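As structure tokens, the structure follows; a few thoughts come after it.
The values are calculated or read from the model by the stated rules, or taken from the named source; none is laboratory data. Keep in mind it's a predicted model, so treat the numbers as computed, not measured. Cβ placement follows ideal geometry from the backbone for every residue including glycine, while neighbour counts extend to all protein chains displayed.
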Amino acid sequence: TEWNVSVWGKRRAFTEHIHKLADLVSEKTGGEFTMNISYGGLSKNRENLDGISIGAFEMAQFCAGYHADKNRAITVLELPFLGVANLDEEVAVSHAIYAHPAVADEMAQWNAKMLMTSPMPQYNLVGTGEPRDELAEFDGMRVRATGGLGKAFSAVGGVPTSVTSSEAYQAMESGVVDTVAFAQHAHLSFGTINQAAWWTANLNPGTVNCPVVVNIDAYESLSDAEREALDSSVPEAIDYYLSNYGALLQRWDEVLAEKNVTKVMISDEELAKFKDVAGKPIHDAWIAEMSAQGLPAQELYDLVFKTLEDTRAN
Amino acid sequence: MDSIEIGLWVTGGMFLLVVLGMRVAFAAAFAGLVGLIWIFWAKKGYDPEDFTWALTVAVKTAGQVPHGKVSSQALSLIPTFILIGYLAYYAGLTRALFEAAKRWIAWVPGGLAVSTVFATAGFAAVSGASVATAAVFARIAIPEMLKVGYDKRFAAGVVAAGGTLASLIPPSAILVIYAIIVEQDVGKLLLAGFIPGMFSAVIYAGLIIGLALVLPNFGPPVKGFTWKQRFASLPPALPIVAVVVIIIFFVYNPFGGDAWGTPTEGGAIGAFIVFLMAVFRGMRLPELKDALIETAKLSIMIFSIIWGVLIYVRFLGFADLPTAFSDWINSLPYSPMLILICILLGYAVLGMFMDAIGMLLLTLPVVYPAVMALNGGEMVSAADSTFGMSGPMCAVWFGILVVKMAEFCLITPPIGLNCFVVAGVRPDLTVQDVFRGVTPFFIADAVTIALLVAFPAIVLWLPSLA
Amino acid sequence: MAGHASVLSDDSVLSRLDRGLESVERKMAFVSGLGAFALMVLAVISVSGRNLFNEPLRGYVDWIEAAMPLIAIFGISYVQRTGGHIRMDIVVGALKGRPLWLAEFLTTLAILILMVLLVWGTWAHFDRSFDMSKPNWSRDSSIDIGLPIWPAKLVVPVAFSVMCLRLVLQLWGYGRAFLLGLSEPVAVPMVLSAAEQAALEADQVQGHD
Ligand code: NA
Ligand code: NA
């Protein structure tokens, strides 16, 4: 069996688990089951789920925030201030939500089945000018942040500004935005770190959730041995991703020092204020909106926190 | 049959359809769709029962492309740049520019022809399309040159060649298209075109002055303008300066401060200024309506090729042909510079028979990765590279080179579009006349291209500042 | 390269249908042009809002992306009617009479097959983003402010359907020209080839000199 896998951009920390998975699967099946990973050749990133639904390729990665209406159930994972502390917790929470029947149902409408997540650390801000470490200073700040994060910054007077990720560098340079919210690897690959004077080390407002899915028909037509090889390789691929991203995070502090970027620590008091306005109210609004659409929103929401508790207990 | 063979057959078929006269946009889309069906069916071992499945998947995959690819903020520059050009015509900017150029520089040998070159260069700063520039100046500059005794063929040649400057000097629709296809920064490419564009203009002017000094009975200098007349000619042409300054400031602030916005915004603000100017000069609703319909027609023509070719490119993605081609090019036992020069010569030949935009769109998906690989990869540093420039800079340099090649092809027989347009506007000139008149400019262009290849700094200096 | 083309007309049913469809197509092209104008206005609002009031246009990119299919595709049929889609006419330019109409008929037929399939494919693309049971009927939304995407996706199959009608009329026109051996058929773009154009202009010059 040969599978086509659709991802986008360039090979980076964010796609390493897919390469690892391909290696493992091929190894375990003696080269019977291979994956052909294509960066942008098979689909546009925001249409990967469509491609899976059509059956044009067998496996793909996408981000929930690209198109909330395609994947309403998992947008719970992109709510601001969920309090996810590290990548291990992000994996646990994501996989718990992916296993929920409401998510499986919604994905089945796209002929898709969740395979694994691509955990991303919290989207902290890099900014130009004076460091902003108090909530009051977010008032009138032009910030490049999409979806739930954008809403969070609006709640404290920030001005979310539309620029594409590839224009983020230029937008910062030109003052179209004052700050950009990305994960560390994206600050590196889109060059926004090169424009930065400061970086919020502990704002941790939330992140983007990017699952890897497979086409259901393709999955079901695998031989038992192939399916077993695929399923059993997921934990190992995720472990590989985590250790690889861990190394990148370690390098991050060096990068900050090298580029002379100030590490901004925000006081607990200020953080609590931010969470008050941008956390709970946005969570409640999400639960109300999604419940009205017939999703078990409260259940999904509670599952996040229950999983976090369980993970920390272990 | 493996997917690469399918890729080659389909690509051959597409060129056959194009040669047979099928509209380029639809020939590419048709080939791409057939290729997708083929490749999906091959995946199922050509089982007759699976043909319907292959057809459905292929059609739905192709059906994603027109909306998906056209919905792009970067591509929105194309209609904006085209609109600027049409509005500039109604704003009287063309005549104002020509008049100013004439009063200031027509005193040199070959004066009016040199003035025409610089006026087209100035108009290039608001016009994104070469053909439109040539058409406009054929109406304005040729009669004046004929009046003072220029050879009519040479006069037409100057306009046809001058028109090509519009695609190098920003704004430029074709540079935007290149940036989209190769996924590089539009702003850097637009900046990069500026100096090579001016450089081409200077070489054209040098050629004309040289000819005027050598040939007897060449067009005489035009003298006798007073300083008062000269300064009086400036205000009507000023909006051009305003637009240039704004577009530059939106891409890059030369004084080291913040740029004012993104290139997309800069283009649109430039268009707005020209629009206000046109309204001020008496453009009313019927003219605006005409300008909008003409903008729509040209934009849709370009976008149809874009999505049509991208259906073919989607098929290439499944066939993995670009990788195979790139591997092949890099396995050739010749020096990378020789291969690059052969590629450029290939464009010169192809461009003799094809339209510039169609040519770039059809070939870049395969050729660009190969050129990047020649240089050492997309992310290579200048120190490790073959051509002595980083991956992104190589993308910019190659972009300017192929656009200059494409522009060169606008004045080469048998299908040099600019020459046809000039002949079309001027009933007293045949296409053969224009081709004959434009011949000296082949030499100028060959010199320019050789210099851009030999001294990449001409292209890369400005974008390396930004 | 196909430049300007004229479409002849008479009192036949075909020609009347041609002109009827043309008035619709021209309006659609005008909408495309208005879209380009709107882009410009949008940028002015966005830039001045940001710089004067620190209030940029929310979802500027999303709005541009929503407008693009209207600008880039909606008027496609009008361009086909006037023969404005570029092509290489080295071969067709050398043909005359029946062989020419046959060649035009075949390439037009190929385009019609393509467009019918693309109406299906682009409709499926729209249909995946459309769900009457969801708020705003939306099953696909934009990245920044969550605009429903189905209206922009619907533009494409609509424009392509009109294009199919146009192609059917052109097939009729070319088929008729082929069967009757016409030299100046109605309802199809009379594209002058490069050679013809040049010859025509040469004649004119001789006439004037
Ligand atoms: Na230009
Ligand atoms: Na040519």
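Just one of (1) away from ligand 2 (no atom under 16 Å from the Cβ); (2) away from every other protein chain (no Cβ under 14 Å); (3) crowded, with 22+ Cβ neighbours inside 10 Å trips up B:A395, so point out which. Of everything listed in (1) away from ligand 2 (no atom under 16 Å from the Cβ); (2) away from every other protein chain (no Cβ under 14 Å); (3) crowded, with 22+ Cβ neighbours inside 10 Å, B:A395 misses just condition (2).
The numbered conditions (1) in a loop (DSSP other than H, G, I, E, B); (2) at the interface with another protein chain (Cβ under 7 Å from one of its Cβ atoms); (3) over 24 Å from C:A43 (Cβ atoms); (4) not aliphatic (A, V, I, L, M) are all true for B:S72 except (3).
Just one of (1) surrounded by fewer than 17 Cβ atoms within 10 Å (Cβ to Cβ); (2) within 25 Å of B:L362 (Cα to Cα); (3) not β-branched (V, I, T) fails for B:P171. It is (1). If you go through the range C:126-149 and keep only what is surrounded by fewer than 21 Cβ atoms within 10 Å (Cβ to Cβ), more than 9 Å from chain A (Cβ to nearest Cβ) and assigned to a helix (DSSP H, G or I), you end up with C:D127, C:W137.
Listed here are the residues, each with its yes/no results for (1) part of a loop (DSSP other than H, G, I, E, B); (2) closer than 16 Å to A:F190 by Cα.
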residue: A:K113; (1), (2): no, no
residue: A:M116; (1), (2): no, no
residue: A:L125; (1), (2): no, yes
residue: A:D133; (1), (2): yes, no
residue: A:G148; (1), (2): no, no
residue: A:F153; (1), (2): no, no
residue: A:V163; (1), (2): yes, yes
residue: A:E167; (1), (2): no, yes
residue: A:M172; (1), (2): no, yes
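Looking at the range B:107-140, which of the residues that are small (G, A, S) and touching a Lys or Arg at 6+ places or on another chain (Cβ under 9 Å) is farthest from ligand 2 (Cβ to nearest atom)? Checked the range B:107-140; the qualifying residue farthest from ligand 2 (Cβ to nearest atom) is B:G111. Candidates B:A192, B:A205: the one that is more than 14 Å from chain A (Cβ to nearest Cβ), crowded, with 20+ Cβ neighbours inside 10 Å and within 16 Å of ligand 1 (Cβ to nearest atom) is B:A192.
Using the structure shown, decide if A:E27 is acidic (D, E), free of Cβ contacts under 8 Å to residues at least 60 places away in the same chain and out of contact with any Lys or Arg (no Cβ under 6 Å at 6 or more places or on another chain). Against the criterion (acidic (D, E), free of Cβ contacts under 8 Å to residues at least 60 places away in the same chain and out of contact with any Lys or Arg (no Cβ under 6 Å at 6 or more places or on another chain)), A:E27 qualifies.
Taken together, the criteria place C:A187 among residues that are more than 9 Å from chain B (Cβ to nearest Cβ), among the aliphatic types (A, V, I, L, M) and buried (at least 20 other Cβ atoms within 10 Å of the Cβ). One residue is enough: does the range B:409-420 have a residue meeting the conditions touching a residue at least 60 places away in the same chain (Cβ under 8 Å), more than 10 Å from chain C (Cβ to nearest Cβ) and more than 12 Å from ligand 2 (Cβ to nearest atom)? No, the range B:409-420 contains no residue that is touching a residue at least 60 places away in the same chain (Cβ under 8 Å), more than 10 Å from chain C (Cβ to nearest Cβ) and more than 12 Å from ligand 2 (Cβ to nearest atom).
Taking the conditions (1) closer than 23 Å to B:A446 by Cα; (2) surrounded by 21 or more Cβ atoms within 10 Å (Cβ to Cβ); (3) modelled with pLDDT under 85 in turn, B:T430 satisfies each one other than (1). Going through (1) within 22 Å of B:I305 (Cα to Cα); (2) assigned to a helix (DSSP H, G or I); (3) at pLDDT below 95 one by one, B:F98 falls short only on (1). In summary, B:Y150 fulfils each of the numbered conditions (1) modelled with pLDDT under 85; (2) not in a helix (DSSP H, G or I) with the single exception of condition (1). Residues that are at pLDDT 80 or above, buried (at least 24 other Cβ atoms within 10 Å of the Cβ) and more than 14 Å from ligand 1 (Cβ to nearest atom) do occur in the range B:160-167.
Just a yes or no: is a residue in the range B:128-135 within 14 Å of another protein chain (Cβ to nearest Cβ), away from ligand 1 (no atom under 16 Å from the Cβ) and crowded, with 24+ Cβ neighbours inside 10 Å? For the range B:128-135, residues within 14 Å of another protein chain (Cβ to nearest Cβ), away from ligand 1 (no atom under 16 Å from the Cβ) and crowded, with 24+ Cβ neighbours inside 10 Å: absent. Looking only at the range B:347-367, residues that are within 23 Å of B:E378 (Cα to Cα) and within 14 Å of ligand 2 (Cβ to nearest atom) come to 3 in all.
Within the range B:302-359, track down each residue that is farther than 26 Å from B:V70 by Cα, among the polar types (S, T, N, Q) and within 14 Å of chain A (Cβ to nearest Cβ). Passing the criteria: only B:S326.
Surrounded by 23 or more Cβ atoms within 10 Å (Cβ to Cβ) and farther than 23 Å from C:L167 by Cα: is that true of B:A88 in this structure? When the stated conditions are applied, B:A88 passes them.
The lone criterion from (1) away from chain C (no Cβ under 14 Å); (2) more than 16 Å from ligand 1 (Cβ to nearest atom); (3) within 30 Å of B:A121 (Cα to Cα) left unmet by B:D50 is number (3). Scanning the range B:210-228 turns up no residue that is within 29 Å of the chain's Cα centre (by Cα), in contact (Cβ under 8 Å) with a residue 12 or more places away in the chain and crowded, with 19+ Cβ neighbours inside 10 Å. Against the numbered list (1) more than 7 Å from every other protein chain (Cβ to nearest Cβ); (2) touching a helix residue (DSSP H, G or I) at 6+ places or on another chain (Cβ under 9 Å); (3) surrounded by fewer than 24 Cβ atoms within 10 Å (Cβ to Cβ), C:F53 comes up short only at (2). Residues in the range A:254-263: is at least one in a helix (DSSP H, G or I) and among the hydroxyl-bearing types (S, T, Y)? For the range A:254-263, residues in a helix (DSSP H, G or I) and among the hydroxyl-bearing types (S, T, Y): absent. Against the list (1) closer than 23 Å to B:V186 by Cβ; (2) more than 15 Å from ligand 2 (Cβ to nearest atom); (3) of a type outside the set (V, I, T), the condition B:M405 fails is (2).
Among the conditions (1) in contact (Cβ under 8 Å) with a residue 24 or more places away in the chain; (2) more than 16 Å from ligand 1 (Cβ to nearest atom); (3) more than 14 Å from every other protein chain (Cβ to nearest Cβ), B:S381 misses just one, which is (1).
Selection of the range C:70-106 for residues being small (G, A, S), at the interface with chain B (Cβ under 9 Å from one of its Cβ atoms) and in a helix (DSSP H, G or I) yields C:A72, C:G93, C:A103.
Do we find a residue being touching a residue at least 24 places away in the same chain (Cβ under 8 Å), more than 16 Å from ligand 1 (Cβ to nearest atom) and within 14 Å of chain C (Cβ to nearest Cβ) anywhere in the range B:110-120? So far as the range B:110-120 goes, no, none of its residues is touching a residue at least 24 places away in the same chain (Cβ under 8 Å), more than 16 Å from ligand 1 (Cβ to nearest atom) and within 14 Å of chain C (Cβ to nearest Cβ).
If the condition is being more than 16 Å from the chain's Cα centre (by Cα) and within 16 Å of ligand 1 (Cβ to nearest atom), then the range B:350-378 contributes no residue at all. With respect to being of a type in the set (G, A, S) and within 9 Å of another protein chain (Cβ to nearest Cβ), C:A67 fits the description. In the range A:72-91, the residue that is nearest to the other protein chains (Cβ to nearest Cβ) out of those that are over 13 Å from A:V208 (Cα atoms) and crowded, with 21+ Cβ neighbours inside 10 Å is A:R72. Only one of the numbered conditions (1) assigned to a loop (DSSP other than H, G, I, E, B); (2) over 18 Å from A:V264 (Cα atoms) is violated by A:G129, and that is (2).
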